[in-house]
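J.: Here it is, the structure in full.
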Amino acid sequence: MANGQQIAEQNLVAFEAWLATKTENEFRAMASRGVLSRKEIAKECGFAQSALSQNPRIKAVLKAKEDELRAAGVLPPLAQKTVEAEGELPLREAGRQRASMNTERLNRLELDNAALRAENEALKRKLEKYTLLDEALATTGRLLR
C-alpha cells in the first residue's frame, strides 16, 4: 500500500498525462465559472477532487495551465479586486425586490384575513338567528326530523 507522498506523486503524474492529452476546445468545453471544472478533472484523472486543492504541485500546475488558457483566450480573464474592498467581506444588499414582494404579500394576506373575519362574523349572526329558531321549535316539541 502506498503512503501519502507516493499517492500524491501518482496523482501528479496522472494529472500531467491528462493535461498533455487535452486540446483547447476540450478545455473550453470544461470551463465553468471562469475556471476549469475541478469535478470533471478529478473524474477524468481518476483521483479525488480534494487532490486538486490539497496537493501543492497539482495546484501550481493547474493554476499555471489556467493562466496559460486565459492568455490564449480560452478562459475569461479574472475579475480585478478593488483596493478598498480588499480585506473586507462583501456585504450582500438586503434585496429590494424581495422586500417589496414580501410587503405586497403581507398586504394581500392582511386584506384576505380581514375579509375572512368579516365573513365569519356575518355567518355567526346568521347562525345565531337559526339557533334561536331551533330552540323555540325544541321547546314546543315541533323539531324537524
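The values are calculated or read from the model by the stated rules, or taken from the named source; none is laboratory data. Small disclaimer: the values here were computed from a predicted structure and weren't measured. Heads up, the Cβs are rebuilt from the backbone with ideal geometry, glycines too, and the neighbour counts pull from every protein chain shown.
J.: Count, please, the residues in the stretch 93-145 that happen to be outside any helix (DSSP H, G or I) and surrounded by 10 or more Cβ atoms within 10 Å (Cβ to Cβ).
T.: 1
J.: Please count how many residues of the stretch 1-54 are of a type outside the set (Gly, Ala, Ser), over 21 Å from Leu75 (Cβ atoms) and outside any helix (DSSP H, G or I).
T.: Number satisfying all stated conditions: 3.
J.: Check whether at least one residue in the stretch 69-77 is modelled with pLDDT of 80 or more, assigned to a helix (DSSP H, G or I), under 30 Å from the mean Cα position of the chain (by Cα) and within 22 Å of Glu26 (Cα to Cα), and report yes or no.
T.: Checked the stretch 69-77: at least one residue is modelled with pLDDT of 80 or more, assigned to a helix (DSSP H, G or I), under 30 Å from the mean Cα position of the chain (by Cα) and within 22 Å of Glu26 (Cα to Cα).
For (1) without any contact (Cβ under 8 Å) to a residue 40 or more places away in the chain; (2) farther than 17 Å from Asn11 by Cβ; (3) assigned by TED's automatic domain parsing to the domain that holds Asn11; (4) surrounded by fewer than 12 Cβ atoms within 10 Å (Cβ to Cβ), each residue gets a yes or a no:
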site	(1), (2), (3), (4)
Arg28	no, yes, yes, no
Val35	no, yes, yes, no
Ile41	yes, no, yes, no
Ala51	no, no, yes, no
Asn55	no, no, yes, no
Asp67	yes, yes, yes, no
Leu78	no, yes, no, yes
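J.: Can you name every residue in the stretch 1-25 that is surrounded by 11 or more Cβ atoms within 10 Å (Cβ to Cβ), more than 13 Å from Ile58 (Cβ to Cβ) and free of Cβ contacts under 8 Å to residues at least 40 places away in the same chain?
T.: Lys22
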